[in-house]
Amino acid sequence: MTAPAAPSLFDALALNGVPLRNRLVVAPMTRISASDAGVATEAMRRYYTGFARGGFGLIVTEGIYTDRAYAQGYAGQPGLTDAQQAHAWQRVVAAVHQAGGRIVAQLMHAGALSQANRFRDDTVGPSAVQPRGQQMPVYGGKGPYRMPRAMGEAEILQAIDGFAQAARLAREAGFDGVEIHGANGYLLDQFLTGHTNQRQDGWGGGIAQRMRLLLETISAVRAAVGAGFVVGARLSQGKVNDFTHKWPEGAEGANAVFAALAASAVDYLHVTEHEAWQSAFADGGATLVQHARRAAPGLAIIANGGLHAPSRAAGMLSHGATLVALGRGALANPDWPLRVRAGQPLRPFDAAVLAPLADLKDAELALRDASAAATPA
Ligand SMILES: Cc1cc2nc3c(=O)[nH]c(=O)nc-3n(C[C@H](O)[C@H](O)[C@H](O)COP(=O)(O)O)c2cc1C
């Protein structure tokens with residue numbers, strides 16, 4: 001008998017009962033194109049629908065803020081905190097479904113990396129530690145991040161509740177699931193990271209204690225949405241303000257993190273690295289996806305990071321990934337699945353689309369409409 005072949009990128013699968021037509025996922029990408037009130041716009045509906053028309057099985061939205069306190073990170077970021085915002089997302093979701101795609105809402109609390117928040121003038125985090133790096137100009141920021149205030153116990157519980165309420169609104173809006181943003185240096189990752197979490201109370205300490213906020217958020221979200229709704233979590237080593245950060249606990253720490261998530265109520269893990277096919281640590285050993293697969297054998301895993309070449313994307317499935325997410329490759333090729341299936345060439349990513357700001361551009365949307373119409377179904 002021969003070993004079963006790794007699945008193809010074009011094989012269907014189901015995620016907690018949600019049927020996906022293939023294993024190709026659009027990675028979450030903040031495009032700061034919502035209204036001042038955090039309401040998803042018509043441009044966003046066209047943008048997301050273009051990916052579904054282009055053949056992607058699953059779309060993860062940009063990071064959506066979860067409360068009307070400290071969660072918002074950027075001007076123009078959409079929220080899921082009231083009926084108006086939920087209603088606008090409903091239109092986006094319906095259009096994506098109509099085009100044969102599925103869509104989960106990425107729930108995000110920016111914490112100390114917030115650059116703009118219409119509800120608050122200051123920022124909070126696990127501890128009063130100045131974030132590394134500089135604010136991102138493509139999201140309207142300038143200069144160093146503000147010094148955050150350490151969150152009190154009640155504020156932490158409020159933040160968890162924000163995730164739960166936003167998840168409930170996501171379900172009501174018709175989303176196929178939610179992804180809890182535990183990656184890239186935002187609030188949940190600030191708690192997970194030793195140098196930003198210097199707390200002496202029950203939310204800080206060793207890596208297991210530093211995971212508490214993420215795990216309690218997952219529990220609260222699951223309790224809010226019930227068993228039959230997709231809940232995922234995104235994890236990374238690198239951060240938007242500290243690109244090359246590696247978990248200092250190495251392979252052992254990765255094992256602890258992924259094993260705890262395997263025992264949690266998530267349906268999938270979304271693991272992102274700059275180049276997902278590289279060794280996760282300086283030991284020259286396994287990729288982060290392989291570490292995740294070993295510690296969480298039963299969980300669906302989305303691999304992300306530099307996987308826009310079809311061979312690289314397919315290769316991650318033999319590393320144990322269940323699905324593959326494309327960010328910049330999907331921006332350049334919103335019809336990546338249709339193109340690759342038809343043997344058509346892929347366009348290279350042009351960073352000009354994110355300049356001077358990362359907002360959606362008319363030309364980009366027009367190209368997307370045209371290419372979706374021109375590519376055979
Ligand atoms: C314009 C832009 C916005 C992004 N916004 C988010 C976001 O809101 N949430 C998130 O988890 N990752 C975000 N990312 C990271 C991507 O999801 C992805 O991890 C990264 O682009 C690497 O994948 P790629 O090599 O396929 O582009 C963003 C990336 C880009 C290029």
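For the range 295-318, a residue qualifies if it is buried (at least 19 other Cβ atoms within 10 Å of the Cβ), without any contact (Cβ under 8 Å) to a residue 60 or more places away in the chain, within 16 Å of the ligand (Cβ to nearest atom) and over 14 Å from Leu13 (Cβ atoms), and the qualifying residues are Ala303, Gly305, Leu307, His308, Met316.
Condition check ((1) touching a Leu at 6+ places or on another chain (Cβ under 9 Å); (2) open to solvent by less than 10 Å² (accessible area, probe 1.4 Å); (3) within 13 Å of the ligand (Cβ to nearest atom); (4) at pLDDT 95 or above) across all residues:
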position	(1), (2), (3), (4)
Ala259	no, no, no, yes
Ala262	yes, no, no, yes
Asp283	no, no, no, no
Asn333	yes, yes, yes, yes
Pro337	yes, yes, no, yes
Val340	yes, no, no, yes
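Checked against the criterion of being more than 16 Å from the chain's Cα centre (by Cα), open to solvent by less than 40 Å² (accessible area, probe 1.4 Å), among the hydrophobic types (A, V, I, L, M, F, W, C) and closer than 27 Å to Gln115 by Cβ, the candidates Ala52, Ala27, Ala34, Ala83 yield just one match: Ala34.
From the list Ala164, Ala154, Ala128, Ala159, which one is more than 16 Å from the ligand (Cβ to nearest atom), in a loop (DSSP other than H, G, I, E, B) and either open to solvent by less than 10 Å² (accessible area, probe 1.4 Å) or free of Cβ contacts under 8 Å to residues at least 24 places away in the same chain (or both)? Just one listed residue meets the conditions, Ala128.
One residue is enough: does the range 94-107 have a residue meeting the conditions surrounded by 24 or more Cβ atoms within 10 Å (Cβ to Cβ), on the phi < 0 side of the Ramachandran plot and not in a strand (DSSP E or B)? Yes, because at least one residue in the range 94-107 is surrounded by 24 or more Cβ atoms within 10 Å (Cβ to Cβ), on the phi < 0 side of the Ramachandran plot and not in a strand (DSSP E or B).
Residues checked against (1) more than 15 Å from the ligand (Cβ to nearest atom); (2) within 27 Å of Thr41 (Cβ to Cβ):
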position: Leu288; (1), (2): no, no
position: Val324; (1), (2): no, no
position: Gly329; (1), (2): no, yes
position: Gly343; (1), (2): yes, no
position: Asp350; (1), (2): no, yes
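Considering the range 200-215, and only residues there that are surrounded by fewer than 17 Cβ atoms within 10 Å (Cβ to Cβ) and touching a residue at least 40 places away in the same chain (Cβ under 8 Å), the residue that is farthest from the ligand (Cβ to nearest atom) turns out to be Asp201.
The values are calculated or read from the model by the stated rules, or taken from the named source; none is laboratory data. Bear in mind the structure is a predicted one, so any value in this text is a computation, not a measurement. Because the Cβ atoms are built from the backbone with ideal geometry, glycine has one as well, and the counts that use them run over all protein chains shown. Each accessible area value is taken on the protein alone, full model and side chains, heavy atoms only, with ligands, DNA and RNA left out. Shrake-Rupley method; radii C 1.70, N 1.55, O 1.52, S 1.80 Å.
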